[in-house]
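Shown next, in structure tokens, is the structure this report addresses.
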Amino acid sequence: MTNETNSIFDKDFVAGTAIRRRDLMPLALKIYVWFFVIAAALTIVRSAYSYSTVDTFRSFTTLSSLDILNFIMMLATPFLRFLPNLFLLLERRWAVLLTLVTVGISILLQCYNTFKMYYLAPGAMFLVINLFILLIEVPYVIMLWKIKDKWENVAVAKVP
């Protein structure tokens, strides 16, 4: 008969006390993350498809540098929304900070576009859509801000 004692260096000891980062996320935040991952992926696919159906894109010899830049930015914008949320699902330590920065930039751009379009071409539909997007992103930022410290300092990414 062997005499077994638990040590702080045993895997069982660590597994019993470890907190996964995903466990820190409330259900609403998980829904937000999955929503933004799926929405960004669908936007990337839609943008690539809609741009590929344009006649100027079909002939590669006539593409200008502005067309290429437009295509890259059309894909890069949703890709920058996709990556931070994917890193949240993968439980990276710096993912919350990256997501807060990208959502903050997105909110600032939404505000700028709302005021710019409201004064250039007043339209209620554009204003309603932008306000709806802002109302979706503000609770997302608040939930991310609440778990930021625990996410970075307390939790571990994966239990061995």
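Remarks
- Calculated from backbone phi, Karplus (6.51, -1.76, 1.60) coupling profile of region 74-88 in Hz, x at Gly/Pro: 5, 8, 6, 4, x, 5, 6, 8, 6, 4, x, 6, 5, 5, 5
- Region 24-157 gives an Rg/Rh value of 1.05, both radii derived from C-alpha positions and Rh following Kirkwood.
- Each Cα pair under 8 Å and six or more residues apart adds its sequence gap; the mean of these over the residue count of region 24-157 is a relative contact order of 30 percent.
- Nonlocal amide H pairs with ALA155, under 5 Å, H built at 1.01 Å: none
- Toward the positive end of the charge dipole of region 24-157, with +1 on the Cβ of Lys and Arg and -1 on the Cβ of Asp and Glu, the farthest Cα among SER52, MET73, LEU135 is that of LEU135.
Here, each number is a calculation from the coordinates, and none is a lab measurement. Note that this is a predicted model, so its numbers are computed, not measured. Note: ideal-geometry Cβ built from the backbone for every residue, glycine included; neighbour counts use all protein chains shown.
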